[in-house]
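Asks: My questions all concern the structure below.
The values are calculated or read from the model by the stated rules, or taken from the named source; none is laboratory data. Here the structure is a predicted model, which is why all the values come from computation and not from measurement. As a convention, Cβ positions derive from the backbone with ideal geometry for all residues, glycine included, and neighbour counts pool all protein chains shown.
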Amino acid sequence: MHIGIDLGSRKAKFALFDGERTLRLADHDTVTFYKRYGRLEGEELALDLAASGIFTPAELASATVVVTGYGRNTLALKGARIISEIRAHVGGALFQTGLREFTLLDMGGQDTKVALVRGGKLADFVMNDKCAASSGRYLENMAAILEVSLDELSTHWEEPVKLDATCGIFGESELIGQILRGHSVERLCAGVNQTLVKRVMPMLKRFPSETIVLTGGVARNGGVVRLLQDETGREVCVPLHPQHNGAIGCAAMA
């Protein structure tokens, strides 16, 4: 058995793998999970996976564990191997899609990663972890201003209202201004989704390929997927479990 753990900034994701297929997936709010099952030991965070109930005692006793994510370097988990986020996400995309040539676009809660995969191996990558304006947090903030759910936001891509601000904070002010101008909520939702796509375009242009594999929580936004296809002219492939891709990659590489 193999266990993969992706400690994201917003969600902690878990995968159990038997060497051929994924047997179980789980996720928890990261802060809540740390509060319930974590404790400080010196300067490291120890997690009580047994108490979480995600895995059985037998699974924990026999499984190899691989960890990645935002909190990987502060975690104390006996016997666990730590790998980089890029390596985990590329591994997950390879396993889930079966593709060997693609550009990986991982859009998480607070950062965005783009990687070029050639012949099933990582060729190059770039990350934006300095600003959350091209991440899921931006969508959450904009949805709150528009008073819509993330599910509702994700259904809109037609006739987007143009939003020019490149900063998430200024983007909030710009969106409020467009609301006051009387634009429909549907067009404003489409505009928010379009803005996110435009912000990742410079990263994508560095690594051209025929197929984009989109992972992370943002991959569940159908509006972003549609606009990404239109903007790039490329095929956009969303794996079956985009938000658990990093955990699956860890488990598959354990």
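Asks: Given the residues L139, L175, L240, which is the only one that is surrounded by 23 or more Cβ atoms within 10 Å (Cβ to Cβ) and either within 30 Å of V67 (Cβ to Cβ) or free of Cβ contacts under 8 Å to residues at least 40 places away in the same chain (or both)?
Replies: Unique residue meeting the criteria: L139.
Yes/no matrix, rows are residues, columns are (1) among the basic types (K, R); (2) modelled with pLDDT of 90 or more; (3) within 21 Å of Q243 (Cα to Cα):
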position	(1), (2), (3)
F125	no, yes, yes
N128	no, no, yes
A132	no, no, yes
L139	no, no, yes
H156	no, yes, yes
A165	no, no, no
G168	no, no, no
G177	no, no, no
G191	no, yes, no
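Asks: Here is a check on your reading of the model: is A115 out of contact with any helix residue (DSSP H, G or I) (no Cβ under 9 Å at 6 or more places or on another chain) and at pLDDT 90 or above?
Replies: No: the conditions fail for A115.
Asks: Say whether the condition of being small (G, A, S) and under 21 Å from Q243 (Cβ atoms) is met by at least one residue in segment 16-25.
Replies: no
Asks: Continuing with the same structure: Suppose the filter is over 21 Å from E159 (Cα atoms), part of a loop (DSSP other than H, G, I, E, B) and not polar (S, T, N, Q); does L204 pass it? Reasoning before the result, please.
Replies: Values: over 21 Å from E159 (Cα atoms): yes; part of a loop (DSSP other than H, G, I, E, B): no; not polar (S, T, N, Q): yes.
In short, no.
Asks: Report yes if some residue within segment 4-18 is surrounded by 13 or more Cβ atoms within 10 Å (Cβ to Cβ), out of contact with any helix residue (DSSP H, G or I) (no Cβ under 8 Å at 6 or more places or on another chain) and modelled with pLDDT under 90; otherwise report no.
Replies: No.
Asks: Restricting to segment 215-254, name every residue that is within 13 Å of the chain's Cα centre (by Cα) and β-branched (V, I, T).
Replies: Selection gives T215, V218, V238, I248.
This table checks each residue for (1) among the hydroxyl-bearing types (S, T, Y); (2) at pLDDT 90 or above; (3) touching a His at 6+ places or on another chain (Cβ under 8 Å); (4) farther than 30 Å from N128 by Cβ.
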{"site": "T30", "(1), (2), (3), (4)": "yes, no, no, no"}
{"site": "L45", "(1), (2), (3), (4)": "no, no, no, no"}
{"site": "A50", "(1), (2), (3), (4)": "no, no, no, yes"}
{"site": "V67", "(1), (2), (3), (4)": "no, yes, no, no"}
